[in-house]
1. As a quick test, which of the pairs B:LYS190/B:LYS245; A:LYS12/B:LYS70; B:LYS198/B:LYS245; A:LYS83/B:LYS190; A:LYS5/B:LYS72 have an alpha carbon distance above 29 angstrom in this structure?
2. In what sequence do B:MET209, B:MET168 fall when counting other Cβ within 10 Å, fewest first?
3. Relative to the Cα centre, what is the charge dipole magnitude of the stretch B:219-316, using +1 at the beta carbon of each Lys and Arg, -1 at the beta carbon of each Asp and Glu, and rounding to the nearest 20 debye?
4. Given a 10 angstrom Cα cut-off, can you work out which residue in B:LYS302, B:LYS69, B:LYS237 is the most mobile in a GNM of chain B?
5. What FRET efficiency do you get for B:ARG317 and B:PHE85 if R0 is 30 Å and r is their Cβ-Cβ distance, rounded to the nearest 0.05?
6. Can you list which of the GluC sites (Glu not before Pro) found in the stretch B:139-242 are DSSP loop residues with at most 16 other C-beta atoms within 10 Å?
7. So what is the relative contact order of chain B, in percent, for Cα pairs below 8 Å that sit 6 or more residues apart?
8. Mind computing the radius of gyration and Dmax over the alpha-carbon atoms of chain A? Å is fine for both.
Amino acid sequence: MSDRKLRVMVAKPGLDGHDRGARVLARCFRDAGYEVIYTGCHQTPEQIVSAVIQEDVDLLGLSCLSGAHRYLYPAVTKLMKDKGIDDVTVIGGGIIPEQDFQLMYDAGLKAIFVPGTTLDSIITWINTNVKPRN
Amino acid sequence: METTKKIKGGDVRAASRLIRNLEDRVPEAKTTIKHLFPLTGKAHVIGITGSPGAGKSTLTDGLIDMFRKKGKTVGVLAVDPTSPFTGGAILGDRIRMQRHAEDPGVFVRSLATRGALGGLAKAVGDAIHVMDVLGKDIVIVETVGTGQQEVDIINHSHTVLVVLVPGMGDEIQAIKAGILEIADIFVVNKADREGSSKLSRELMAMLDMAPPSTFQGGWRPPIMKVENAFEPVGFNKALEDISNKIEEHHQHLVDKDIIGSRMRRKAVVELNEAIRASILEPVLQKLLSSGQMEGLIEKVMKKEIDPYTVAEDIAKRYLEGCL
């Protein structure tokens, strides 16, 4: 008689204080029935990965609007891999040009959401692709 | 057994996974907690409660810092509310504590209330055990933002801090029953704001009027002031004083042999909850899955029968083993 609930972390790596998008998403995830951990801005990849472990989340959503996603997103996924975390889905959002998409997928991100994406489509993607782990 | 060994060895991932499984009520987690239980009882559990926005998370962050400087390891369980409509939750206490994220001596875990009403999450008691076995010297439990009545924290803590801020009401508030009665230490936070001296005076008057027997072993809750968290020198000094006072309180519990009564209170609650969980939940489950519940709800709605008679009947059938 277990009662699994999806746990999601929204994190903002790097020197980027624009967190309105991240907060809107956190709110929208709450309304979708997930438990959402929000870490706040200015996080190092080390802080984020450590929080992922301590909070035992199923999904990590990274947000970066400063253009540093090319460095920061792979830094997070590499660190996760180094620590043997292979059961957390990572997705990313922000100002990400199309030519960077492949780089992001190669780094292990499963989806990229850019400006103009509807909240509904993100929730639909998560509900289809991420299940709370057993 | 494997998980127990890992947690005893300090494995954070195993511990966070177990806490998750306890929250989600995965049956295997219950087996593990049975193995852990005999190993618990070493940590000093500190409860921090107060109204939303009073500064609980910021004080927790400051206390983590102080206890780390004293060479102690710290576990934090931070509770935030679950939406009664969607079941979702935003767990934001961590934001104020992220500077400790990389310190292996600190483990911060957010929990959602999931419908529990006493200011905590149902799994908090078990999560404290996990932190304890993991080897954390100090376990800080931060409640949801509380009002007047959410006092469950006393059942789980050795030392309770009630955090207050100026401007929350008149002097009648200070003589009401509830949350003000559970403090071992009062913290008047944001004390650089107008009204803090008045608040301290009211608390003092409230304590002056309390019968001396309410002060267990002669411990009169001190009133500690904390000013602006953005002024590090003064803030750190205030936090250092509070952390010393917390240790003093723990020593007091030990010296005056009161710690036993606090452990007893926890044991009573744990036993009550465990009995309720093993009796009530399977009964409700059975009534639901067999469809009997729906019929009973219908009858109560139409006033054909009252809920009290139904409950007595179910209890009787349960005790006779013919549910």
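Taken together, the values in this text are just the output of simple stated rules run on the coordinates, not laboratory data. Just so it is clear, the model here is predicted, and its values are computed rather than measured. Because the Cβ atoms are built from the backbone with ideal geometry, glycine has one as well, and the counts that use them run over all protein chains shown.
1. A:LYS12/B:LYS70; A:LYS83/B:LYS190; A:LYS5/B:LYS72
2. B:MET209, B:MET168
3. That gives the stretch B:219-316 a dipole magnitude of about 240 debye.
4. Maximum fluctuation in the GNM of chain B, among the listed residues, is at B:LYS302.
5. Once rounded, the FRET efficiency stands at 0.30.
6. Filter output for the stretch B:139-242: B:GLU194.
7. On the way: 481 pairs, mean separation 54.8, N = 323.
About 17 percent, as a whole number.
8. When restricted to the Cα atoms of chain A, Rg and Dmax are 13.7, 47 Å.
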